[in-house]
Structure formats: C-alpha cells, structure tokens
Amino acid sequence: MSQLVQRAQEQIRQAIEAAAQRAAQAGELPQTPTGAFSMEVPADRRNGDLSSNAAMAWTRELRQPPRKTAEALARHIDLTGTYSLRCEAAGAGFLNFYYGDSYYADIVADVLDKGDQYGRSTIGAGQRVLVEFVSANPTGPMHMGNARGGALGDCLATVLEAVGYEVEREFYVNDGGNQIEKFGLSLDIRYRQHFGDVVELPEDAYYGADITQRAQDFAAVYGDSYLSCDEKERRAALVAFALPKNVEEIHRNLERYRIEYDNWFYESSLYKNGEVDRVIALLKESGNTYEQDGALWFKATQFGCDKDFVIVRANGFPTYIVPDIAYHYNKLVTRGFHRAIDILGADHHGYTLRLHAVLNALKIGEGRLDFVLMQMVNLMRGGEAVRMSKRTGKSLTLEDLLDEIPIDALRFMFNMRDPGAPMDFDLDLAIEKSSQNPVYYCQYAHARICSLFARLAEDGIARRSCSSEELALLRAPEERELITLLAALTGEIAEAARCYDPARVTRYCTELAGQFHRFYNVCRVKGEAEPLMQARLSLCACVRDVLRNLMQMFKIDVPEKM
RNA sequence: GCGCCUGUAGCUCAGGUGGAUAGAGCAACUGCCUUCUAAGCAGUGGGUCGGGGGUUCGAGUCCCUCCAGGCGUGCCA
C-alpha cells in the first residue's frame, strides 16, 4: 500500500496498543495483551473506513468475550494524531474507525502529486529478475497457448517492474535437440517430394503446410542442387534456411502483439559455450548419477520425484532436460539473476518437478526459480468451443487470432483470470464494441473524463490545484468509494507482483472504471460551485491518470474520444 | 495407482495472511438522457459456496475424506 495509507493504518494500530495498555492499567482488561492482530478496510463501508480484529484476536489470551474487550478498548482509545475521528465497538467485537475528511483529501493530493509514479513501489529494488515466456517451438507457427502466455508474461514482467524489480524479458529459442532433427527430416521429405521422389513422412514428423511451404521456398532458391547431397548435409541446409525464417515470423507476430524482448536466447549457444557438457560434469561430480543400460541416469527419487530419469541416452545424446538445466544454470549462475520466472503450460508441471530436483542436486537456484503454470484456453464462438480456423480449416494460430481480434482486447482479456485457472475466451465478446466488453468499459471511462475536460476547456475552465480544504469537499458516498479505490492501488499492484497474477490489475481497472461511472452518474462537475467543481476535477484527473497509466503499462490503447 | 490444477447464481467469474448480511458482469424484468459521452447508471428476481466430517469466538477460505472434470506421470519436448 502507499506510504500514506500505510501510515494512516500504523497510527491507528499504535493507538489500539496504547488503549490496551491503559485499559489493563484501569483494570478493564485482565492483562495487557501482546498477540498479533490485523487492520483491514471493511467490505461494507457502513462498518467504517478501517477495522481491526484486535479484540477478537485476543479472545483466548484475555479469556473474555471479544465484544467486552472491544468496548473497553473503544473507551480508552486516544485518536489524537491519527486520521480517525471516531472509533466504535461493533458486531462480534470489531473496532471500527471512521476517517475525517482530511484523509480523503490527502489521498487525492497524493495521487496527483505522484503522477505516473503513483501505484509503484520499491519492494523489488536491487533485484534482477528474468521472465521467460512464450518460447514457442521454432519448428512451426505459434498456437493458442502462446497467446495467453504472451499476454501473461509480458504483463507480469511489467507488474514486477512496477514494484521495483529490474526485469528482463526473454525468449528461449529451442534450436537444438530432437525436434530440430525432426524439423530437418520433415523439410527433407517435403523437398524431395517436391522433385518427385516417392517418400513418405514418418508418423511422428511435422505435417503442417508451413513445412511444405518452407521446403518449396528452399527449392525455389536452390533448385534440385541439394538432391545429390549427403542427406545430413541437405537437412542441415534446410534447417539453416527455414529456422531463421520461422524465428523471424515469430518475432514479427509477437511484435504485432506489442511484445518486445530484451533477449532472444538460443539453445544452440549452450552447446557452443560448453555449458551443456559442464552441467553433465557437475551432475556426475555431485554423485547423483549412475549408469544403467548404457544410459546416464539422475537419482531423482532422492530429490522428491517418483522415479529416476535418464539425462544422457544410450546413443550418447543428452535428453531434452539437459540443455534446460544448462539454460537455468546460465540464468542463475552465469548471468547471476536473483530470480528466474518461467511461464509454462500446465501440461509441463511434471517437468517443473524434475528441473527443480536437478537444480537442488546442483545446489543452485534454491527458491530462485519460479514457474507460472497456466491452464488451457478454450476459444468460444457462439457459445461453442472452436479449435479450427474458419478461414483455413487448420488449427488456429496466434496469427489468426491477431488478424481477427483487436490487440487491446487480447492483451486485456487474457489477463482477466488467474493463470492457474482454465479460461474460456469469448471471441464474440472480444470483438464486440459495447459495454459488455471490459476493455471498452475501461476505455470509455477514460474517454468520458477526457471529454469532460475538453468541454470545460471550451468554456475557458481549466483544472487548478486545490487546497486541502477544497479537496475535503469530496464527501459524497460515490466520491468516498472512488477515493478508497484509488488508495488501494499500490497494495493491489504489490499483491499482483507477489502472486504473479497480473489479472489483479486488469480487474482493478474494471472496478475503477465502474466506480467512476457510478460517481459520474450522481455527481455533476460542470456547473457546480467553483471550489466543489475544482475538487471534483481533481478527482477526475486522478481517475483518468490512473486508468491511463495502468492501461499503458499493459500496452492497451487509451483513446481520449470514443 | 500416484502427483498437480479446477468445482461459488441459468452463463462467465471475483472473493490477500480465516472476519460482519457470500459479491460483480452477462442473460430476464423495471426505471433514468431539454444540463459534463446512455459504449453509462439505478432497481427486482436468482445460492445445499461439489458432498460429508473436523479445527475455533468465527470456515467459501485451514485440515481430513469422498465425488466430478482437466493435465501430467517416455532413453518425446
């Protein structure tokens, strides 16, 4: 929470502790309680602006009914020097506090004063964090899972930046291992078929039209000159030709999606710089491996896994997890990030256990590697699940989605649910330009405020800074609710960062927009007496700035007119 | 079999570290524009919080158990 909000709560907490001491001295409590208690903003505003459960938390310690304790505390409390004017015992034993006008006035002044820095904090200062996300397989086009992962990873990185972490965004290009072999093989077959060779794709090869296209493009450039080559050489040439094109396409699509990476990290670099061999050596040295059936096994059962697993196959090639171990070694040791965060599909959860086990065995990255597992996306159209593209009949790609749905809607709506929850994505809703669409709902609130300012400017009226006394005129329930919501922003962003859930921020936007619409409907600005009009203009400016900042953070357009 | 995730209104979902009468939006119905954008607001109806136990001043939230759905459990990635 913001320093102001925190200070306000701290003052009252101390007043409660002092009251407990006095009540004990006066014999109204059996002893001075020492247990922990909490302060919270009640859901129902009739229960005050701030509430404490102290009396209830002390029930056991004091061995008396909480209501009795609360009444004693309320009698002895001294609120001098706090924002609260009044305290009462309520319900089962709550202590409810009611703020004076100055609290609300100070919040508004604080928001305006901090400007686009409002809501940010320094929790993560000095900590370098690497967020790796999407990392789509470069053997083909991106799919739906990459769409959610992209919006999630990019916005999570932004949220972490907002609480002070030094963040880098990274895309890991899997340009090594078995899948590249398969990629080369598939291209090779298509290339040969192009020139009339009667060869069939094996069962587990890539069948996509994109592969055929790449093979034909290759043929257009090099003709049949590679037919006579050694198979290995031909496949290497095909991969060298097609892979950069795929990566470029991925790059281009993500750019359209407004995602900018700091690094494109290639798996192949880990073989070149020796880190793959290095982690195998380290694992052997650690004494946690053994040989069996010609393969090298890792003693995973000693690190909490169900069974041991192979890290180097009998054919001498490492399994997929080895470059990944080297990659995380590179993140946490070589590059020295304090923390690494990987965004993965939930189907990788078994993998996360195995990777953690290995890193623990190597004694690196303990507690420094976190996974965000996201559940599946179900695309819905007309109330029914869609998996295929309407246009091509093939499975839906990220590019199809970018063609059909506004980027604003994609980025916003993929960040409306907790990553761990499966999600229905309503395509009809995403393209709808109406109040039902949460993106428009938020943008509309912003546009309304901008328009209000524009209208007043026509009459020669501009916002000026207000005195505390003027801001204290904001006393309508709708104004108070709005200010309370503004006061909660810093805490909300911090919470989003703590639990890796940017959806908290988009939901906050929706809530703020809704609260503004309610305010706007009840409280007029234009035509009110000058001091009140100015105070309300200040409040409107707060809401406008906060909405704009949050949407811009998530790279969503914030139009001034709609 | 074992592990992880999910189960809250007809639908899509909120409900930090346990707190007061479980909340929004959509859909349905009823109102509100001669004054700042009606892409908005207000109101009405709608619930065995998957079931059952337990912990305590107090459980949608924590523990146990069962049910239903998704995913994982390769010398695939």
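One line per residue, one yes/no per condition, for (1) more than 16 Å from RNA strand B (Cβ to nearest atom); (2) surrounded by 18 or more Cβ atoms within 10 Å (Cβ to Cβ):
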position: A:Cys305; (1), (2): no, no
position: A:Phe309; (1), (2): no, no
position: A:Lys331; (1), (2): yes, yes
position: A:Thr334; (1), (2): yes, no
position: A:Phe337; (1), (2): yes, yes
position: A:Leu353; (1), (2): no, no
position: A:Met374; (1), (2): no, yes
position: A:Phe412; (1), (2): no, yes
Do we find that A:Ala215 is assigned to a helix (DSSP H, G or I), exposed (fewer than 13 other Cβ atoms within 10 Å of the Cβ) and at pLDDT 95 or above in this structure?
-> no
Just for the range A:423-444: of the residues that are in a loop (DSSP other than H, G, I, E, B) and more than 6 Å from RNA strand B (Cβ to nearest atom), which one is nearest to A:Glu384 (Cα to Cα)?
-> A:Glu432
Do we find that A:Val221 is free of Cβ contacts under 8 Å to residues at least 24 places away in the same chain and either farther than 29 Å from A:Ala409 by Cα or not in a helix (DSSP H, G or I) (or both) in this structure?
-> yes
Quick one: count up the residues across the range A:303-344 that are in contact (Cβ under 8 Å) with a residue 40 or more places away in the chain, over 24 Å from A:Ala136 (Cα atoms) and more than 27 Å from the chain's Cα centre (by Cα).
-> 4
Strands (runs of 3 or more DSSP E) within the range A:241-340 that include 3 or more residues basic (Lys, Arg) and more than 26 Å from A:Gly367 (Cα to Cα) = none
Cβ-Cβ below 6 Å, separation at least six or inter-chain, first residue in the range A:260-286 and within 16 Å of A:Lys331 (Cα to Cα), second crowded, with 19+ Cβ neighbours inside 10 Å and among the charged types (D, E, K, R): which pairs?
-> A:Tyr261/A:Arg169; A:Asp262/A:Arg169; A:Asn263/A:Glu170; A:Phe265/A:Glu170; A:Tyr266/A:Asp175; A:Glu267/A:Asp175; A:Ser268/A:Asp175
Subset of the range A:16-51, residues in a helix (DSSP H, G or I), over 17 Å from A:Val5 (Cβ atoms) and at pLDDT below 90, comes to A:Arg46, A:Asn47
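Only one of A:Glu166, A:Glu233, A:Glu260, A:Glu181 is under 30 Å from A:Ile405 (Cα atoms) and not β-branched (Val, Ile, Thr); which?
Unique residue meeting the criteria: A:Glu260.
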Selected residue (only one of A:Gly126, A:Gly164 is free of Cβ contacts under 8 Å to residues at least 60 places away in the same chain, more than 16 Å from RNA strand B (Cβ to nearest atom), under 30 Å from A:Ala541 (Cα atoms) and not in a helix (DSSP H, G or I)) | A:Gly164
Select from the range A:65-76 the residues that are closer than 28 Å to A:Leu4 by Cβ and surrounded by fewer than 23 Cβ atoms within 10 Å (Cβ to Cβ) and write down the one among them that is nearest to RNA strand B (Cβ to nearest atom).
-> A:Ala74
Scan the range A:239-261 and give yes if some residue there is within 16 Å of RNA strand B (Cβ to nearest atom) and of a type in the set (Phe, Trp, Tyr), otherwise no.
-> no
Kindly list the number of the only condition in (1) of a type outside the set (Lys, Arg); (2) modelled with pLDDT under 90; (3) under 11 Å from A:Leu95 (Cβ atoms) that fails for A:Leu73.
-> (2)
Note: among A:Thr490, A:Thr484, A:Thr510, just one is in contact (Cβ under 8 Å) with a residue 24 or more places away in the chain, more than 15 Å from A:Pro531 (Cα to Cα) and buried (at least 20 other Cβ atoms within 10 Å of the Cβ), namely A:Thr490
Could you name every one of the helices (runs of 4 or more DSSP H) located completely within the range A:445-544 that has at least 2 residues being within 12 Å of RNA strand B (Cβ to nearest atom) and hydroxyl-bearing (Ser, Thr, Tyr)?
-> A:503-522
Which residues, taken from the range A:49-64, are buried (at least 19 other Cβ atoms within 10 Å of the Cβ) and more than 6 Å from RNA strand B (Cβ to nearest atom)?
-> A:Asp49, A:Leu50, A:Ser52, A:Ala54, A:Ala55, A:Trp58, A:Leu62
What's the number of the condition A:Phe412 fails, among (1) in contact (Cβ under 8 Å) with a residue 40 or more places away in the chain; (2) outside any helix (DSSP H, G or I); (3) of a type in the set (A, V, I, L, M, F, W, C)?
-> (2)
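Answer yes or no as to whether A:Val167 is at pLDDT 95 or above, among the β-branched types (Val, Ile, Thr), within 35 Å of the chain's Cα centre (by Cα) and under 30 Å from A:Gln552 (Cα atoms).
Yes: the conditions hold for A:Val167.
The values are calculated or read from the model by the stated rules, or taken from the named source; none is laboratory data. None of the values given here were measured: they were computed from a predicted structure. Because the Cβ atoms are built from the backbone with ideal geometry, glycine has one as well, and the counts that use them run over all protein chains shown.
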